[in-house]
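Notes follow once the structure below has been shown.
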């Protein structure tokens, strides 16, 4: 549909200077006292949005690639993407996502990368919410598995501030009998820090968040067929 502003007869459309170089666009001309102005309102066609099936397929390919690397695959991917977030905005734009996935061997064109960003854009900024995206990448877990992971983290997080530190581990994780402590090679502090490193991000800040804890155990969960098996393992490991 061509919209023509008041006072501009439809015949003026044919005189639009942009009509020949922008065919297929909706354009119109304004007029003043019967004289057309060189002012055109251009409505550019929208880029077709990638089909959500395409976005889901991209995420599934990435998840499968991670799981092929074993239990630490999802955790490694989470560390990789958090490293890309250099400005600590907890978000990635389409170009950052495209470049990151290319490093992992997954080639996306810009339209596909923008589609993935839109899927996990929580504030309308056009960027991907990193934590939401990583949550979607984790293999689906039942409520029973999620609950036992949360229970284990809660036991470690003695201060209740949402992060586990070396101080939280004291009295929960005993390292006095650790062989390297017994030999004098490591101090108990070093044992606790190395234990946290299993779950910590690549920055190794000595703090583990629930998200990092979930990243680790989502990979473990994917290798265990039944909820009963996973819950029993977690209950035994953390003495829940």
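Do any helices (runs of 4 or more DSSP H) lying entirely in segment 96-203 carry at least 2 residues that are surrounded by 19 or more Cβ atoms within 10 Å (Cβ to Cβ), and which ones are they? First the steps, then the outcome.
Working: elements: 110-119, 130-137, 143-156, 166-169, 179-182, 188-197.
Here the list reads 110-119, 130-137, 143-156, 166-169, 188-197.
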### Query
modelled with pLDDT of 80 or more and not assigned by TED's automatic domain parsing to the domain that holds residue 210: does that describe residue 87?
no
### Task
Determine which single condition residue 237 fails, assuming it passes every other condition in (1) farther than 26 Å from residue 62 by Cβ; (2) crowded, with 17+ Cβ neighbours inside 10 Å.
(2)
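The values are calculated or read from the model by the stated rules, or taken from the named source; none is laboratory data. In this text, all values refer to a predicted model and were calculated from it rather than measured experimentally. FYI the Cβ positions are ideal-geometry reconstructions off the backbone, even for glycines, and counts take in every protein chain you see.
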